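K.L.:
Here's a structure for you.
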Amino acid sequence: MIIEMRTYQLKQHAVQPFEERFGAALPARLELSPLAAFWHTEVGVLNQVIHVWPYADLNERGRIRAEAIARGIWPPNTAEFVLDQKSEILLPAPFSPPLEPRKLGGIYEIRRYTLAPGQIPTIIERWSRFIDGRVKLSPLVGVWYTELGALNNWIHIWAYKDEGERQRIRAEAVARGVWPPRGEPPLTFVRQETTLVVPAAFSPLN
């Protein structure tokens, strides 16, 4: 299983019309493969939309995308709203839950860590020892690392009812000592970023 995460930077005030056109075109596209999630940013870089597509492998992705274009059903008529586009291919960590439709909360937090080269195996091992305690506090949507795109990125997404619940749960996790994962040697984080996003009405993760 691979995940394609597509991030589009939109013009100011373009999120709503982009989502409307995307949603109108989506039923025909879903005949070929499922959409996992669609969000727009609330906190972080504004005017971004993020959509996530699962595929069996790169060959299936290429075949489905080519068929969608050949049928004339995709991409949706949204080019006028888009300033920049980024696509990343992600691989799931061993403990990442199935990426399937779920109603989890009002906001989602996308956390992206850029690690020093060679540290993905270490963070997988370390998180494996702590993740069970953390997911008892709030739902984990998924954990992936980049295969194509900016390398050595560790991306994890968490669901919350609202920003207040997020703050409370994160404080509780620290107080209980269940999170963040600890261990030696320390990991080297080149960069850490967080974004709060909200789902579109048609997002399977809602």
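Just so it is clear, none of the values below were taken in a lab; they were calculated from the coordinates. As the structure is a prediction and not an experimental result, all values here were calculated from the model. Cβ placement follows ideal geometry from the backbone for every residue including glycine, while neighbour counts extend to all protein chains displayed.
K.L.:
Just to verify a number: FRET efficiency for Ala171 and Asp132, C-beta to C-beta distance, R0 = 22 Å, to 0.05?
P.N.:
0.65
K.L.:
Further question: Evaluate the distance, in nm, between pseudo-label points positioned 7 Å from the Cα of Leu187 and of Leu46 along their respective Cα→Cβ axes.
P.N.:
Modelled inter-label distance: 3.1 nm.
K.L.:
Hey, another quick one. Which order, highest average first, do 44-55, 117-128 follow once you tally other Cβ atoms within 10 Å for each residue and take the mean per peptide?
P.N.:
Ranking the peptides 44-55, 117-128 by packing returns 44-55, 117-128.
K.L.:
For the ranges 145-155, 178-188, what's the packing order if you count other beta-carbon atoms within 10 Å of each residue, average per peptide, and put the highest first?
P.N.:
On the way: 145-155: 16.7, 178-188: 12.5.
Result, highest mean first: 145-155, 178-188.
K.L.:
Please give every one of the lysines within straight-line cross-link reach of Lys86, meaning a C-alpha to C-alpha distance under 20 Å, and leave out same-chain neighbours fewer than 8 residues apart.
P.N.:
Cα-Cα hits under 20 Å: Lys11.
K.L.:
Please find the FRET efficiency linking Glu100 to Thr122, where r is the Cβ-Cβ separation and R0 is fixed at 25 Å, and quote it to the nearest 0.05.
P.N.:
0.30
K.L.:
Next up: Using label points projected 7 Å from each Cα along Cα→Cβ, tell me how many nm separate Ala66 and Ala150, to one decimal.
P.N.:
3.1
K.L.:
Computed from the coordinates I sent, semi-axes √(5λ) of the Cα gyration tensor in Å equals one of [x] 41, 27, 13; [y] 30, 20, 16; [z] 60, 21, 15. Tell me the label.
P.N.:
Given [x] 41, 27, 13; [y] 30, 20, 16; [z] 60, 21, 15, the calculated one carries the label [y].
K.L.:
Multiplying the sequence separation of Asn59 and Gln16 by 0.36 nm and subtracting their Cα-Cα distance, what value in nm do you get? It would help to have the intermediate numbers written out before the result.
P.N.:
On the way: separation 43, 0.36 × 43 = 15.48 nm, distance 3.26 nm.
Stretched out fully, the Asn59 to Gln16 stretch lengthens by 12.2 nm.
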